[in-house]
Amino acid sequence: MERIYYDHAATTPLHPEAAQAMLTVLQGPPGNASSLHSFGRDARKLASGARDLIAATIGCRPDELVFTSGGTEADNMALRGVMEAQAASGKRHLITSAVEHHAVLKECERLERGGYEVTYLPVDGNGIVSVNSLREALRDDTGLVSIMYANNETGTLQPIAELAAAAQERGVPFHTDAAQAYGKLPITVRELPITVRELPVSLMTLSSHKINGPQGIGALYVRQGTPLQPLLVGGSQERKRRGGTENLPALAGFARAAAIAAEELEARAVRMEELGSLWIRLMRKASGGTAVVAGHPDLRLPGIVSLMFPGIDRESMLMNLDLAGIAASGGSACTAGALEPSHVLSAMGVPEELANTAVRFSFGLGNTTEEMELAALRIETFLGRNRKSS
Ligand SMILES: Cc1ncc(COP(=O)(O)O)c(C=O)c1O
């Protein structure tokens with residue numbers, strides 16, 4: 001049976017050109033970018049070429065990027081790094097939202113245990129944070145605001161430009177976790193001659209494996225002048241903001257994947273719109289009209305479709321999907337094999353019983369409409385069986 005992968009929000013297949021870029025480095029001569037000899041100089045050149053490419057995709061200066069081990073480390077670094085720096089001037093209050101990724105929420109909990117204060121902004125039924133609620137929550141001792149760009153469970157997009165502007169008006173740095181949005185939407189942090197308007201964010205999280213790059217690498221964009229303490233200390237890499245020898249093969253793969261995503265941005269967006277809306281239509285039909293989309297109807301990444309199937313237990317749905325060769329996700333963290341209730345859907349006010357039927361399908365490279373028709377037929381078969389037996 002042909003296996004079908006609809007879990008691109010979890011991770012994506014490595015682009016063949018990214019794989020090739022990595023292989024070239026892996027099979028090439030050794031080189032530590034901090035060494036002074038010619039091998040080291042070659043490694044440094046390679047790292048800075050990759051840095052330039054990635055910087056160009058968001059319109060920032062190359063030295064405003066700090067490479068990390070992925071989105072999780074970038075989120076941790078943004079929150080802890082900025083709050084520790086801000087604490088020196090008595091700012092120990094942080095604002096975030098109730099629907100963030102755990103890489104943000106768990107760091108918030110850890111900061112709270114360390115004596116920081118965190119405000120969790122609510123979201124409406126579509127999963128959106130209101131700009132007014134942020135304005136009301138901002139205080140003189142607020143050191144940072146962190147609100148995600150696109151939600152990893154529902155794809156819902158936040159009004160980041162307006163939220164970041166509200167923080168900026170009060171002189172508070174704004175971080176956005178763009179792990180899901182980067183490479184899928186035009187995101188420019190500085191005015192470039194020919195592109196969209198500037199996004200007034202101070203920090204932004206990027207992750208490589210969500211855009212067909214390798215796993216285990218990401219970056220934190222840090223606008224020049226933003227206060228930040230390093231998370232990892234040791235060598236003086238990344239301008240003393242993150243100690244540790246650069247992961248050159250991963251960096252080369254990330255840069256190649258980022259450049260391709262930027263080149264193909266528009267074509268991919270059109271494709272995702274086509275696939276996402278087709279999937280919604282097919283799933284409505286397969287469920288006898290009962291499937292409901294979670295998240296904002298329009299302000300969403302089209303490639304992430306979270307569907308709730310009333311009356312159908314999520315674990316049996318995922319098991320049946322797996323038996324049908326279709327990879328999708330429960331949409332929330334899996335702990336010891338058990339699905340936890342989704343904090344995102346619960347913050348949106350979705351009743352627990354309905355939330356527990358949510359399955360996230362996410363699309364990307366390699367998916368086709370023909371394959372979708374096939375997947376939908378397989379799903380229709382077991383949903384039909386389920387309806388008959390109940
Ligand atoms: C919104 C969001 N933030 C952060 C992360 C963590 O990124 P990484 O897997 O690169 O650590 C993810 C990955 O699932 C994500 O979706």
Seminar exercise, completed: Per the charge dipole of the chain (beta-carbon charges, Lys/Arg positive, Asp/Glu negative, Cα centre), the residue among Ala50, Thr290, Val201 reaching farthest to the positive end is Ala50
Exercise. What is the magnitude of the charge dipole of the chain about its Cα centre, with +1 placed on the Cβ of each Lys and Arg, -1 on the Cβ of each Asp and Glu, and no other charges, expressed in debye to the nearest 20?
Worked result: 520 debye
For this session: Mind pulling the angle between the C-alpha long axis of helix 38-58 and the longest principal axis of the chain? Nearest 10 degrees, somewhere in 0 to 90.
Result: 50 degrees
For this session: Work out the length of the dipole vector of the range 234-390 about its Cα centre, built from +1 on the beta-carbon of each Lys and Arg and -1 on the beta-carbon of each Asp and Glu, and round it to the nearest 20 debye.
Result: 180 debye
Exercise. So which lysines pass the test for Lys388, namely a Cα distance under 26 Å, with those fewer than 8 places away in the same chain ruled out?
Worked result: Lys285
Exercise. Which angle from 0 to 90°, rounded to the nearest 10, does the C-alpha axis of helix 102-113 make with the longest principal axis of the chain?
Worked result: 60 degrees
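By its C-alpha gyration tensor, with a ≥ b ≥ c as the square roots of the eigenvalues, how is the chain shaped: rounded for a/c under 1.5, else prolate for a/b larger than b/c, else oblate?
It is oblate, given that a/c is not under 1.5 and a/b is not larger than b/c.
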Seminar exercise, completed: With the charge dipole of the range 128-188 built from beta-carbon charges (+1 for Lys and Arg, -1 for Asp and Glu) about the Cα centre, the Cα from Gln168, Thr142, Asn152 projecting farthest to the positive end belongs to Asn152
Exercise. For Lys210, which lysines qualify as cross-link partners when the Cα separation must be under 20 Å and same-chain residues fewer than eight apart are set aside?
Worked result: Lys184
Problem set entry | Folded to 0 to 90 degrees: helix 369-389 orientation relative to the chain principal axis, Cα | 50 degrees
Exercise. Which of the listed residues, Gln237, Val359, Ala181, is farthest toward the dipole's positive end in the chain, when Lys, Arg count +1 and Asp, Glu count -1 at the beta-carbon?
Worked result: Gln237
Exercise. For Lys91, which aspartates and glutamates qualify as cross-link partners when the Cα separation must be under 18 Å and same-chain residues fewer than eight apart are set aside?
Worked result: Glu107, Glu109, Glu112, Glu117, Glu136, Asp140, Asp141, Glu169
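Every number in this text was worked out from the coordinates using simple rules, so none of it is lab data. Keep in mind that what you see is a predicted model, and the values were worked out from it rather than measured. Positions of Cβ are generated from backbone atoms using ideal geometry, with glycine treated the same way; all protein chains shown enter the neighbour counts.
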